[in-house]
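Okay, structure first, notes after.
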Amino acid sequence: MSAAMDKALMAMSLEEVEEPFDMPDLPEYCSSGENGLSLVGRLLNPDCQKMANLILDMPRKWQKYDKVTGVALTKEKFQFFFKEEHDLIEILEKGVHTYNDWALAMERWVAKPPEDYLQFIPLWVQIRHIPMNHRTVRAITALGEFVGRVVEVVFDPAKAQSQDFV
């Protein structure tokens, strides 16, 4: 009997299903409520960042032991669920997080993520040795856009500059 069952199971294939499963659009099938207090992330180097360790280590690293729960979604993507809004905001406001010496792309969960979701991480860049004739906000912005999208240039030519970078 078990040989016949093994043969039948091996013959089964998802490709043979003629009708796709139609998920009911009912509240009990939707997790949007729980997702509202979560962040989603992506490993930038999954060969060096082990998902299982990340899920266990990040709450400790954030000092949120009993306030956050992690879930592995795929080999590269994860989700952390927070009990309180202020804990979630605190983690996101700290900026880029790393695990095993590699950055993590993390954003707050959204129901309909944009195309560039989890594709970028914000970086604070210091530019040095800018020629005197090009120390303008416009020139510095153009230089920054050479490597990515510029969100803010912290430079005011009318104020004293005590640092050798912008």
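Residue under question is Q63, and the condition is that it be of a type outside the set (A, V, I, L, M, F, W, C) and assigned to a strand (DSSP E or B); does it hold?
Numbers: of a type outside the set (A, V, I, L, M, F, W, C): yes; assigned to a strand (DSSP E or B): no.
Taking the combined requirement at face value, the residue does not satisfy it.
Only one of these conditions is not met by T98: (1) surrounded by 13 or more Cβ atoms within 10 Å (Cβ to Cβ); (2) assigned to a strand (DSSP E or B). Which number is it?
The single condition T98 does not satisfy is (1).
Which numbered condition in (1) small (G, A, S); (2) under 25 Å from A103 (Cβ atoms); (3) part of a loop (DSSP other than H, G, I, E, B) is the only one that A158 fails?
Of the numbered conditions (1) small (G, A, S); (2) under 25 Å from A103 (Cβ atoms); (3) part of a loop (DSSP other than H, G, I, E, B), the odd one out for A158 is (2).
Residue by residue through segment 72-85, note down the ones that are surrounded by 12 or more Cβ atoms within 10 Å (Cβ to Cβ) and either assigned to a strand (DSSP E or B) or within 14 Å of the chain's Cα centre (by Cα) (or both). Write out each step before concluding.
If we filter segment 72-85 for residues that are surrounded by 12 or more Cβ atoms within 10 Å (Cβ to Cβ), which is where we start, we get 72-73, 76-84.
Matches in segment 72-85: A72, L73, E76, K77, F78, Q79, F80, F81, F82.
Can you tell which of L88, L143, L118 is in the same structural domain as L44 (by TED's automatic domain parsing) and surrounded by 13 or more Cβ atoms within 10 Å (Cβ to Cβ)? Step through it out loud before you land on a result.
Details: L143 fails: in the same structural domain as L44 (by TED's automatic domain parsing); L118 fails: in the same structural domain as L44 (by TED's automatic domain parsing).
Exactly one of L88, L143, L118 is in the same structural domain as L44 (by TED's automatic domain parsing) and surrounded by 13 or more Cβ atoms within 10 Å (Cβ to Cβ), namely L88.
I want to confirm something. Restricting to segment 61-71 and keeping residues that are surrounded by fewer than 16 Cβ atoms within 10 Å (Cβ to Cβ) and in contact with a strand residue (DSSP E or B) (Cβ under 6 Å, 6 or more places away or on another chain), which single residue is nearest to Q49 (Cα to Cα)?
Only one residue fits best here, namely V71.
Can you pull out every residue in segment 61-95 that is of a type in the set (F, W, Y) and in contact (Cβ under 8 Å) with a residue 40 or more places away in the chain? Let's see the steps before the verdict.
Applying the first criterion (of a type in the set (F, W, Y)) to segment 61-95 yields 62, 65, 78, 80-82.
Within segment 61-95, F80, F81, F82 qualify.
The values are calculated or read from the model by the stated rules, or taken from the named source; none is laboratory data. Note that the coordinates shown come from a computational prediction; the quantities given were computed from them, not determined experimentally. With ideal geometry, Cβ positions are generated from the backbone for all residues, glycine too; neighbour counts draw on all protein chains shown.
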